[in-house]
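Take a look at the structure below.
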């Protein structure tokens, strides 16, 4: 079973600046008081109106994603008759939506490029389509975990530093077959999460190959969200679950 | 009491013409009536008929010590309810002492009770056999109905609940055909994942929800079953990575264990091609495979994006799939050779899990709505502006799969707090829980 908030697709790595703004706006609105269903409803109405106009601009922006999430939370709070909190959350969502609108000067973003049937594949390719030998992954305590942004398989500078440290161990243990396990947080459909976790594993494997590790020693495995590192259903829990772990084959 | 009957019939007509239901489908012609077709039902409409099921009559000499009467009545009642086409006449409205008329109904009494159909059943227990007779009566026409395949003839069966249930299902399938023109789905199977304490198994669930049979057990994770032409395709981590397997006649065979993902298989309608997701070339793309050997026949997509969840059009000429190549996961369609890719969905930012209906006129899918909740929608692949929402305000509803006749959809829903399978009519009008116990995911209705 999954939670409601799905990993958004798109470019974005997690923007901590925006996150902290959400928290600050929520707090300010919360502290300002003003109870009752009517003000909260008014705030929700204003917010959804702005959100709809921003959606039409067709711009992918972190603030819009967060505004959508905040608005959904506001609605839920309203349904629970927590009107002050709903109003605060809706107000925060409206600020974020306005920020998303301002990001492109309130103008529509350019239409996405036409679909490419044969777009170049930028990920490292491997034409070896032979069957892999069965394996069982066991822990490799000397190898560190790499973390990823929201709906992203991009390696950050920090991730690359971790992989570089692991590389030394992998080079020193030439007899070991390394299992590169990709994981997701729980927000997404099962099949999409499998594909996303596979992409994360493939990104790491691609880096290791480019660093000279023999492809036959590397096994990328997408595990989706089946094996969470954290059961917390908050930003920190999600962050801990968006990861690649290194194991070795028995 | 005739006015009750008139109201019920008017209600059926009102249902047909209300809201998004198209009135054009009300197509009773003389020819169809002669063949017993009351109305043609397609996935966009539901007509419900009132039917009565009086208690089965014991016409033998042996006492009913095995609860056969309850079994016959219970199976009839449950199957008719799940079908979504029938309302059962309330018992208080039954004529007095319906058993006294035996198997020859007094039509005027039943007509006045407001029912349109009547199913009479009788049985006799004879040693280790039972003799069962099921009869459908058209109360409006005041006559017995002759059903196909001899299902309404007196039949001798083993004293085995499964055999008795199977016989009742055959009968109900023909009752549904009499009223709707298309045979019912009972007897078909649904494959699904069941999450247990030790792993995820693949199970078969009967379409009346009475039985769940574990097919692929184990402590490892087994996922994404696809049941077609009597063959089960699934993804399993039993050998390490997510590899593709088949299960047929009790045997499990590995089909693809290439590096990376091997998943999401879908068999072409003619059974000659399998489309699956592989990622051994770096990105998750769609490939055509030989369904028996797993040999790659053609690469269909070549894009750095995520391409997953393929489903065939019933004529085998097109494949719908999910791609995030334009920034968010959306439904796309391409020709079966990989050419002419075009985006189908534009509403919503997260559209997934498509299943193309056997009639070809709808694709059911899961979409996240503006409140971040997953619900089931359909889209007309020939007119993508025609989007219908089938579930709402009942938690997460996902992973739709059409019945073999395209008139029902099985899906998973956590509306009770646990993930169960539900069956709904093609327009979402009637929804019924199929399983209990929780842990059911990603159903695939066998075709």
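The values are calculated or read from the model by the stated rules, or taken from the named source; none is laboratory data. Just so we're clear, the structure is a prediction, and the values are computed from it rather than from any experiment. Backbone-built Cβ (ideal geometry, glycine too); neighbour counts: all protein chains shown.
Of all the numbered requirements in (1) away from every other protein chain (no Cβ under 12 Å); (2) in contact with a strand residue (DSSP E or B) (Cβ under 6 Å, 6 or more places away or on another chain); (3) within 17 Å of residue B:335 (Cα to Cα), residue B:291 misses one, and that requirement is (3). The conditions are (1) modelled with pLDDT of 95 or more; (2) at the interface with chain A (Cβ under 8 Å from one of its Cβ atoms); (3) surrounded by fewer than 24 Cβ atoms within 10 Å (Cβ to Cβ), and residue B:221 fails exactly one of them. Which is it? Residue B:221 satisfies all of (1) modelled with pLDDT of 95 or more; (2) at the interface with chain A (Cβ under 8 Å from one of its Cβ atoms); (3) surrounded by fewer than 24 Cβ atoms within 10 Å (Cβ to Cβ) except (1). Can you tell me which residues in segment B:260-287 are over 18 Å from residue B:329 (Cβ atoms), within 12 Å of chain A (Cβ to nearest Cβ) and not in a strand (DSSP E or B)? Hits for segment B:260-287 are B:260, B:280, B:281, B:282. Within segment B:329-366, being under 12 Å from residue B:400 (Cβ atoms) and without any contact (Cβ under 8 Å) to a residue 12 or more places away in the chain holds for no residue. Checking B:338, B:316 one by one, the residue that is within 11 Å of chain A (Cβ to nearest Cβ), out of contact with any helix residue (DSSP H, G or I) (no Cβ under 6 Å at 6 or more places or on another chain), on the phi > 0 side of the Ramachandran plot and modelled with pLDDT of 95 or more is B:338 and no other.
Across segment B:429-445, which residue is nearest to residue B:87 (Cα to Cα) among those that are surrounded by 21 or more Cβ atoms within 10 Å (Cβ to Cβ) and away from every other protein chain (no Cβ under 13 Å)?
Let us first name the residues in segment B:429-445 that are surrounded by 21 or more Cβ atoms within 10 Å (Cβ to Cβ), namely B:434-435, B:440-445.
Those left that are additionally away from every other protein chain (no Cβ under 13 Å): B:434-435, B:445.
Details: B:434: 18, B:435: 21, B:445: 25 Å.
Ranking the candidates gives B:434 first.
For segment B:82-95, the set of residues classified as in contact (Cβ under 8 Å) with a residue 12 or more places away in the chain, at negative phi and out of contact with any helix residue (DSSP H, G or I) (no Cβ under 8 Å at 6 or more places or on another chain) consists of B:82, B:87, listed by residue number.
Residues are listed down the side, and each one gets a yes or a no for (1) closer than 21 Å to residue B:442 by Cβ; (2) surrounded by fewer than 24 Cβ atoms within 10 Å (Cβ to Cβ); (3) not assigned by TED's automatic domain parsing to the domain that holds residue B:428:
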{"position": "B:371", "(1), (2), (3)": "no, yes, no"}
{"position": "B:383", "(1), (2), (3)": "no, yes, no"}
{"position": "B:386", "(1), (2), (3)": "no, yes, no"}
{"position": "B:395", "(1), (2), (3)": "yes, yes, no"}
{"position": "B:399", "(1), (2), (3)": "yes, no, no"}
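All but one of (1) modelled with pLDDT under 95; (2) assigned to a loop (DSSP other than H, G, I, E, B); (3) out of contact with any strand residue (DSSP E or B) (no Cβ under 6 Å at 6 or more places or on another chain) hold for residue B:360, so report the exception by its number. So residue B:360 meets the others, but not (1). Of all residues in segment B:295-313, those that are facing chain A (nearest Cβ under 9 Å) and touching a residue at least 40 places away in the same chain (Cβ under 8 Å) total 3. For segment B:355-401, the set of residues classified as at positive phi and within 13 Å of chain A (Cβ to nearest Cβ) consists of B:372, B:393, B:395, B:399, listed by residue number. Of the residues making up segment B:319-335, those that are facing chain A (nearest Cβ under 7 Å) and surrounded by fewer than 17 Cβ atoms within 10 Å (Cβ to Cβ) number 1.
Every residue in segment B:267-306 that is touching a helix residue (DSSP H, G or I) at 6+ places or on another chain (Cβ under 8 Å) and at pLDDT 95 or above, please. Residues satisfying the conditions are B:277, B:279, B:284, B:306. Can you name every residue in segment A:163-188 that is surrounded by fewer than 20 Cβ atoms within 10 Å (Cβ to Cβ) and in contact with a strand residue (DSSP E or B) (Cβ under 6 Å, 6 or more places away or on another chain)? Within segment A:163-188, A:176, A:177 qualify. Filtering segment B:367-389 to residues that are assigned to a strand (DSSP E or B) and touching a residue at least 40 places away in the same chain (Cβ under 8 Å) leaves B:376, B:378, B:379, B:384, B:387, B:388.
Would you mind finding the one in A:193, A:166 that is assigned to a helix (DSSP H, G or I), closer than 20 Å to residue B:282 by Cα and either assigned by TED's automatic domain parsing to the domain that holds residue A:226 or without any contact (Cβ under 8 Å) to a residue 24 or more places away in the chain (or both)?
The match here is A:193.
Being in the same structural domain as residue B:223 (by TED's automatic domain parsing), closer than 20 Å to residue B:203 by Cβ and part of a strand (DSSP E or B), is that true of even one residue in segment B:424-439? So far as segment B:424-439 goes, yes, one or more of its residues are in the same structural domain as residue B:223 (by TED's automatic domain parsing), closer than 20 Å to residue B:203 by Cβ and part of a strand (DSSP E or B). Within the bounds of segment A:209-220, is there any residue that is facing chain B (nearest Cβ under 7 Å) and either touching a strand residue (DSSP E or B) at 6+ places or on another chain (Cβ under 9 Å) or surrounded by fewer than 24 Cβ atoms within 10 Å (Cβ to Cβ) (or both)? Scanning segment A:209-220 turns up at least one residue that is facing chain B (nearest Cβ under 7 Å) and either touching a strand residue (DSSP E or B) at 6+ places or on another chain (Cβ under 9 Å) or surrounded by fewer than 24 Cβ atoms within 10 Å (Cβ to Cβ) (or both).
For the condition at pLDDT below 85, within 14 Å of chain B (Cβ to nearest Cβ) and under 24 Å from the mean Cα position of the chain (by Cα), residue A:122 qualifies.
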